[in-house]
C-alpha cells in the first residue's frame with residue numbers, strides 16, 4: 001500500500017476516527033485505526049463492537065491496500081507533522097510515514113483479525129446539524145451517569161410526525177427537546193435509545209454539518225444507529241430496554257410561574273451556592289417583590305441575594321439543588337427564563353418545577369425545550 | 001484486657017527509636033501480650049506499640065527517675081529482637097482489667113448475604129422475566145450465589161459482591177466453566193452483580209461475555225434517600 005495525503009485533511013480524519021476509541025481494551029487490535037486505500041481515496045475506521053467511526057478522504061493512491069495501525073499513536077504523530085504532504089507506505093510488515101524531513105516507522109497489526117465494520121445502507125431521515133448538536137447538548141446533561149439503571153444512561157430519540165424528540169432523565173430531572181425530522185427518506189416513526197456519552201460526542205463532531213443523515217437498523221439481534229455527515233459516519237449500538245414514560249410527567253398547562261432574566265439568575269445561583277455544603281439545596285422564595293435566594297444549613301456561612309422576578313400567581317418557596325437548576329438554565333439559551341410551578345397532592349414530594357425559554361418578559365420561547373426538575377423537601 | 005490511663009512518657013529503643021514526652025495516655029495490655037499506647041485521637045492507630053510475642057516487666061524507678069517523678073517503669077521487650085518499649089509511668093489515673101474471651105471475628109459478608117437475599121426476592125432486577133431457581137446453588141467447587149432463569153428459560157449464574165473486582169470475575173468464570181459442563185444447565189450465562197464494579201473487573205467480565213449489573217443496596221432495602229425523585 002502506498003498513498004499521499006494532505007496533512008490537515010489526514011490529521012482531521014485520524015483524530016475523528018480515534019476520538020471514540022476505548023481508553024483500554026481487552027482486544028489490542030481494537031485500539032487500531034483501519035486505513036484502506038482504494039482508487040477513489042482512503043478510508044479510516046475504528047470499531048470496538050459498540051461504537052464505530054468511519055470516514056473517507058481524498059488522497060493520491062499509488063498502490064491500494066489495507067493497514068491497521070495503533071490509533072492514538074498515529075493521531076499524536078499526524079497532529080505534530082510539519083506542513084507538507086504525508087506519504088504512507090508499507091514495507092515488510094512495517095508502515096513508514098514520511099512528511100517533509102520527518103520519518104516514522106510504525107508496526108502494523110494483523111488486518112485479518114479486525115472485525116467487520118457495521119455497514120449502513122438505508123437512511124431513515126435527516127436532521128439539521130446545528131439544531132441536533134444544540135439539542136444533544138441541552139438534553140444530554142440530564143442523562144443519568146449511574147450504572148444501576150442502564151436504560152436512563154441513554155438519550156431516548158423518538159421520531160413521529162416530522163419531529164425528532166430527544167429525552168433524557170436521571171430521575172431528578174427530565175429534559176426534552178424537539179427538532180425537525182425530515183423523514184422523506186423512509187422512516188416517519190421510530191425510537192432509539194443511544195448512550196448519552198456517545199451521542200454527545202456525535203453532537204460535537206458532526207454538529208457543524210448542515211444536515212446529518214440518521215439510519216436505524218437491526219443487525220442480528222442488536223440494533224444500531226448511524227449518523228452520517230461530511231463523509232463521516234458514527235454508529236452506536238442501542239441500549240436495550242424500555243425507557244421510562246417520562247414525557248407524561250410534564251404538566252399540560254401551568255398558570256403559576258415566574259419569569260426572570262436567565263443571566264441574572266445563573267449568576268446569583270452561582271454566588272449564593274458557594275457557602276452550601278455538598279448535595280445541599282438552595283431555597284428560592286418567589287414573591288411579588290421578586291426572588292430571594294438563600295443558602296442555609298451550613299454553620300460556617302450563610303448567603304442570600306434578591307433579584308427581579310415577574311411572578312404570576314401566589315407567592316411560593318421551592319428548594320432546588322443549584323447544579324440541577326444551573327444545568328437547566330444554561331440550556332434554555334434565551335435571555336429570559338420561565339420557571340413554572342406545578343401542583344401536587346403528595347405532602348412528601350413538592351410539585352416539580354418546569355424550566356422553559358422566554359424571549360422577553362412577556363413572550364414565551366419557541367424552541368420546544370423543556371426541563372422538568374424535582375425540588376427537594378423544604379426544611380424548616 | 002488491661003486498661004491503664006496514666007501520665008507517662010514512652011520510649012522505643014531498638015531498630016528505630018522514638019520518644020513520646022510526658023502526657024496522659026491510654027495503655028492497653030492485651031491478652032496476647034501486646035502493649036499499645038493510645039492518645040485521645042488518631043482513630044485506631046496507637047502512638048506506639050509492641051506486637052507479640054513480647055514480655056512485660058514492671059520495675060521500680062531508679063533514684064534519678066524517682067527524682068523526676070516516675071513512679072514505675074514498664075519495659076516491654078520483644079522476644080525475637082532487642083526492641084523495647086519503655087513506659088515511664090508518673091501517675092496512674094485508672095487501672096482496670098476485663099476478661100473478653102474469644103472473639104467471634106469480623107463478619108465481613110453480612111451485607112453480601114443480605115444482598116443475596118434481597119436479590120433473590122427482587123430477581124427481576126436482573127432483567128424482565130427472570131425467575132429464581134435457588135440461592136447457593138451447589139457446584140463441585142463451591143456454591144454459586146444465585147441460579148436463575150432468564151425470560152427464555154436459559155440458566156443464569158449470579159455472583160454477588162459488595163465491591164466487584166477482578167477476583168470476583170475469576171470466581172464466577174470458574175463456576176461458569178464447571179456449570180457449562182452440566183448438560184441439564186448448559187448454556188449458562190454469567191451475571192456479575194455488585195454495589196460497585198471496578199472498571200478493570202467490568203472490562204474483564206464483559207470480555208468473557210459476563211454481564212455486569214450494579215445494584216443499589218439502599219433502594220433494594222427500601223430505604224428512602226430523602227431526596228425526592230420525579231418517578
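Of A:357, A:319, A:306, all but one fail to be over 33 Å from the mean Cα position of the chain (by Cα) and not assigned by TED's automatic domain parsing to the domain that holds residue A:141; the exception is A:306.
Flag set for residue A:46, criterion: without any contact (Cβ under 8 Å) to a residue 40 or more places away in the chain, buried (at least 22 other Cβ atoms within 10 Å of the Cβ) and in contact with a helix residue (DSSP H, G or I) (Cβ under 9 Å, 6 or more places away or on another chain). Conditions: (1) more than 23 Å from the chain's Cα centre (by Cα); (2) at pLDDT below 95. Residue A:267 meets all but one. Number of the miss? That leaves (2) as the condition not met. The set of residues in region A:137-160 that are over 19 Å from residue A:352 (Cβ atoms) and assigned to a strand (DSSP E or B) comprises A:154, A:155, A:157, A:158, A:159, A:160.
Under the condition of being at the interface with another protein chain (Cβ under 9 Å from one of its Cβ atoms) and out of contact with any helix residue (DSSP H, G or I) (no Cβ under 8 Å at 6 or more places or on another chain), which residue from region B:198-223 is surrounded by the fewest Cβ atoms within 10 Å (Cβ to Cβ)? Among residues in region B:198-223 that are at the interface with another protein chain (Cβ under 9 Å from one of its Cβ atoms) and out of contact with any helix residue (DSSP H, G or I) (no Cβ under 8 Å at 6 or more places or on another chain), the one surrounded by the fewest Cβ atoms within 10 Å (Cβ to Cβ) is B:199. For region B:164-176, does any single residue satisfy the condition of being buried (at least 19 other Cβ atoms within 10 Å of the Cβ), at the interface with another protein chain (Cβ under 9 Å from one of its Cβ atoms) and within 30 Å of residue A:142 (Cα to Cα)? Taking every residue of region B:164-176 in turn, none turns out to be buried (at least 19 other Cβ atoms within 10 Å of the Cβ), at the interface with another protein chain (Cβ under 9 Å from one of its Cβ atoms) and within 30 Å of residue A:142 (Cα to Cα).
Quick check, is residue A:221 at positive phi and within 14 Å of chain B (Cβ to nearest Cβ)?
Against the criterion (at positive phi and within 14 Å of chain B (Cβ to nearest Cβ)), residue A:221 qualifies.
Residue count for region B:9-24 satisfying the condition of being farther than 15 Å from residue B:50 by Cα and free of Cβ contacts under 8 Å to residues at least 60 places away in the same chain: 2.
Rundown of residues vs (1) within 14 Å of another protein chain (Cβ to nearest Cβ); (2) touching a helix residue (DSSP H, G or I) at 6+ places or on another chain (Cβ under 8 Å); (3) surrounded by fewer than 20 Cβ atoms within 10 Å (Cβ to Cβ), yes/no style:
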position: A:121; (1), (2), (3): no, no, yes
position: A:129; (1), (2), (3): no, yes, yes
position: A:136; (1), (2), (3): no, yes, no
position: A:147; (1), (2), (3): yes, yes, yes
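Scanning region A:289-303 for residues that are touching a strand residue (DSSP E or B) at 6+ places or on another chain (Cβ under 8 Å) and surrounded by 15 or more Cβ atoms within 10 Å (Cβ to Cβ) turns up A:290, A:291, A:292, A:293, A:294, A:295, A:296, A:303.
Considering A:81, A:21, A:27, the condition of being touching a residue at least 24 places away in the same chain (Cβ under 8 Å) and either within 30 Å of residue B:206 (Cβ to Cβ) or crowded, with 22+ Cβ neighbours inside 10 Å (or both) is satisfied by A:21 alone.
Within region A:166-184, can one find any residue that is under 20 Å from residue A:331 (Cβ atoms), assigned to a helix (DSSP H, G or I) and within 12 Å of the chain's Cα centre (by Cα)?
There is no residue in region A:166-184 that is under 20 Å from residue A:331 (Cβ atoms), assigned to a helix (DSSP H, G or I) and within 12 Å of the chain's Cα centre (by Cα).
For residue B:144, work out the one condition from (1) surrounded by 19 or more Cβ atoms within 10 Å (Cβ to Cβ); (2) within 12 Å of chain A (Cβ to nearest Cβ) it doesn't fulfil. Among (1) surrounded by 19 or more Cβ atoms within 10 Å (Cβ to Cβ); (2) within 12 Å of chain A (Cβ to nearest Cβ), residue B:144 violates only (2). Quick check, is residue B:29 touching a residue at least 40 places away in the same chain (Cβ under 8 Å) and either surrounded by 13 or more Cβ atoms within 10 Å (Cβ to Cβ) or farther than 27 Å from residue B:102 by Cβ (or both)? For residue B:29, the condition - touching a residue at least 40 places away in the same chain (Cβ under 8 Å) and either surrounded by 13 or more Cβ atoms within 10 Å (Cβ to Cβ) or farther than 27 Å from residue B:102 by Cβ (or both) - is not met.
Could you say whether any residue in region A:224-232 is without any contact (Cβ under 8 Å) to a residue 60 or more places away in the chain and either assigned by TED's automatic domain parsing to the domain that holds residue A:147 or surrounded by fewer than 15 Cβ atoms within 10 Å (Cβ to Cβ) (or both)? Yes: region A:224-232 contains one or more residues that are without any contact (Cβ under 8 Å) to a residue 60 or more places away in the chain and either assigned by TED's automatic domain parsing to the domain that holds residue A:147 or surrounded by fewer than 15 Cβ atoms within 10 Å (Cβ to Cβ) (or both).
A single entry from A:8, A:39 fulfils the requirement of being outside the structural domain of residue A:225 (by TED's automatic domain parsing) and farther than 25 Å from residue A:92 by Cβ: A:8. Restricting the search to strands (runs of 3 or more DSSP E) fully inside region B:78-195 and requiring at least 2 residues that are closer than 20 Å to residue B:214 by Cα gives B:131-139, B:142-149, B:155-164. Just one of (1) within 14 Å of another protein chain (Cβ to nearest Cβ); (2) surrounded by fewer than 15 Cβ atoms within 10 Å (Cβ to Cβ); (3) under 28 Å from the mean Cα position of the chain (by Cα) fails for residue B:136. It is (1). When residue A:279 is tested against the conditions (1) in contact with a strand residue (DSSP E or B) (Cβ under 9 Å, 6 or more places away or on another chain); (2) at pLDDT below 95; (3) within 14 Å of chain B (Cβ to nearest Cβ), the lone failure is (1).
A single member of A:174, A:194, A:163 is under 28 Å from residue A:353 (Cβ atoms) and within 14 Å of chain B (Cβ to nearest Cβ), and it is A:174.
The residues of region A:346-380 that are over 23 Å from residue A:137 (Cα atoms), within 14 Å of another protein chain (Cβ to nearest Cβ) and free of Cβ contacts under 8 Å to residues at least 40 places away in the same chain, listed by number, are A:346, A:347, A:348, A:349, A:350, A:351. Would you say residue A:175 is modelled with pLDDT of 95 or more, assigned by TED's automatic domain parsing to the domain that holds residue A:240, on the phi < 0 side of the Ramachandran plot and surrounded by fewer than 19 Cβ atoms within 10 Å (Cβ to Cβ)? It is false that residue A:175 is modelled with pLDDT of 95 or more, assigned by TED's automatic domain parsing to the domain that holds residue A:240, on the phi < 0 side of the Ramachandran plot and surrounded by fewer than 19 Cβ atoms within 10 Å (Cβ to Cβ). With respect to the conditions (1) away from every other protein chain (no Cβ under 14 Å); (2) assigned to a strand (DSSP E or B); (3) modelled with pLDDT of 95 or more, residue A:294 lacks only one, and its number is (3).
The values are calculated or read from the model by the stated rules, or taken from the named source; none is laboratory data. Remember, predicted model here, so these are calculated numbers, not experimental data. For neighbour counting, all protein chains shown are included, and Cβ atoms are generated from backbone atoms with ideal geometry for every residue, glycine included.
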